[in-house]
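First up is the structure itself, then whatever we jot down about it.
The values are calculated or read from the model by the stated rules, or taken from the named source; none is laboratory data. Note that the structure is predicted; figures quoted are calculated from it, not measured. We place every Cβ from the backbone using ideal geometry, glycine too, and count neighbours over all the protein chains shown.
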Amino acid sequence: MRPDHMLLRDLVDGTTAIVTRPGAGRTEAEIRAAESVVGPLSPSYRWWLTTYGEGSFQRQEIATVGPPRHIAASALTEGWSGGDRLWFHQDGDCGDRYGFALDAAGGAGAGADTGDPVVRREHPVVRWDGHTGDEEPFAESFAGFLTVRTALAAGLREGPNPSMARLWRSTPGVLLTGGTVIYGPHVLRERNETHRVPAYAPHWVLIGDDGAGTGLFMRRHGRDRASVYRLGLSAVEEDIASGGELLTGDLLGWLDRCVHEGRRC
């Protein structure tokens with residue numbers, strides 16, 4: 001799914017592991033200068049550059065463009081010699097490395113719909129293991145990279161179930177027409193604790209709400225971790241399936257239809 005930039009800002013500003021620097025946002029000219037070297041950059045990474053410019057995750061810098069304005073910041077084009085991997089983050093000198101897979105077709109991006117003659121798409125992010133040298137897919141976008149890393153740092157693994165893990169690889173949640181929101185890792189635990197879901201329904205997780213007192217729930221454990229149920233937040237009970245309404249058995253498919261049809265879901 002296309003990353004939600006409003007929720008991405010909420011994640012960046014609300015996650016202590018991510019540190020940004022006020023006033024360091026990059027100009028379009030600086031970004032285009034880097035693109036003249038490495039090619040079109042992913043839309044969510046461009047958003048990061050224009051909004052924050054420089055920053056770090058768990059004290060390790062995320063590469064930027066233009067002249068670094070912080071002593072520890074590194075330039076995206078530093079050491080670039082072509083190829084199909086554009087590395088932008090590393091966990092210490094010998095830690096895992098993260099980069100854009102430039103040879104992979106990305107997901108929904110931006111370009112023609114904004115008047116930009118260049119249609120940019122999200123490049124998937126890969127992780128290179130600093131110990132074994134193996135490489136594996138990590139996220140579907142730069143926004144997904146920040147989301148999954150936040151989830152892992154918060155002890156949520158890559159997500160509370162496979163469907164949410166797939167969603168977080170692209171975006172830190174979804175805000176639908178009508179006010180329904182699917183949570184990112186920066187708010188999921190707090191919302192569950194607020195509504196005492198771990199106490200009343202320990203095998204379930206609250207993944208979102210409609211802003212009017214109704215929650216969306218999925219199982220954490222068991223054979224069916226794909227179904228989404230709707231239930232009032234004041235009526236949380238151990239067996240959500242018995243008291244709730246089955247909404248869908250395909251979270252991402254349902255979200256995709258809601259987003260593209262622009263209807264209240």
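General observations
- Count of segment 232-264 residues which are among the polar types (S, T, N, Q) and in a helix (DSSP H, G or I): 2
- When segment 184-216 is limited to residues that are over 22 Å from Thr150 (Cα atoms) and of a type in the set (D, E, K, R), the one that is farthest from the chain's Cα centre (by Cα) turns out to be Arg196.
- For Arg85, the stated conditions do not hold, so it cannot be described as in contact with a helix residue (DSSP H, G or I) (Cβ under 9 Å, 6 or more places away or on another chain), among the charged types (D, E, K, R), touching a residue at least 40 places away in the same chain (Cβ under 8 Å) and at negative phi.
- Checked against (1) in contact with a Lys or Arg (Cβ under 6 Å, 6 or more places away or on another chain); (2) more than 19 Å from Pro162 (Cα to Cα), Val236 meets all criteria but (1).
- Count of segment 130-150 residues, restricted to those that are among the acidic types (Asp, Glu) and either outside the structural domain of Trp47 (by TED's automatic domain parsing) or within 22 Å of Thr64 (Cα to Cα) (or both), is 1.
- Hey, Val205 part of a helix (DSSP H, G or I) and surrounded by 12 or more Cβ atoms within 10 Å (Cβ to Cβ) or not: no
- Check on Arg225, in a loop (DSSP other than H, G, I, E, B) and either surrounded by 16 or more Cβ atoms within 10 Å (Cβ to Cβ) or of a type in the set (D, E, K, R) (or both): yes
- When Arg127, Arg121 are checked against the criterion of being more than 24 Å from Leu216 (Cα to Cα), modelled with pLDDT under 95, in the same structural domain as Thr50 (by TED's automatic domain parsing) and surrounded by 13 or more Cβ atoms within 10 Å (Cβ to Cβ), a single residue qualifies: Arg121.
- Residues that are in the same structural domain as Arg121 (by TED's automatic domain parsing), crowded, with 20+ Cβ neighbours inside 10 Å and out of contact with any Leu (no Cβ under 8 Å at 6 or more places or on another chain) do not occur anywhere in segment 18-37.
Yes/no per residue for (1) among the charged types (D, E, K, R); (2) modelled with pLDDT of 95 or more; (3) more than 13 Å from Arg220 (Cα to Cα); (4) not assigned by TED's automatic domain parsing to the domain that holds Ser44:
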{"site": "Gly178", "(1), (2), (3), (4)": "no, no, yes, yes"}
{"site": "Ile182", "(1), (2), (3), (4)": "no, yes, yes, yes"}
{"site": "His186", "(1), (2), (3), (4)": "no, yes, yes, yes"}
{"site": "Asn192", "(1), (2), (3), (4)": "no, yes, no, yes"}
{"site": "His195", "(1), (2), (3), (4)": "no, yes, yes, yes"}
{"site": "Ala201", "(1), (2), (3), (4)": "no, yes, no, yes"}
{"site": "Val205", "(1), (2), (3), (4)": "no, yes, no, yes"}
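- Filtering segment 211-248 to residues that are acidic (Asp, Glu) and out of contact with any Gly (no Cβ under 6 Å at 6 or more places or on another chain) leaves Asp224, Glu238, Asp239, Glu245.
- Filter result (touching a Lys or Arg at 6+ places or on another chain (Cβ under 6 Å) and either of a type in the set (D, E, K, R) or not in a helix (DSSP H, G or I) (or both)) within segment 140-167: Glu140, Pro160, Asn161
- Test: Thr180 is within 16 Å of Arg230 (Cα to Cα), in contact with a Gly (Cβ under 9 Å, 6 or more places away or on another chain) and touching a residue at least 24 places away in the same chain (Cβ under 8 Å): yes
- Strands (runs of 3 or more DSSP E) within segment 41-102 that include 2 or more residues surrounded by fewer than 21 Cβ atoms within 10 Å (Cβ to Cβ), touching a strand residue (DSSP E or B) at 6+ places or on another chain (Cβ under 7 Å) and not β-branched (Val, Ile, Thr): 55-57, 85-90, 97-101
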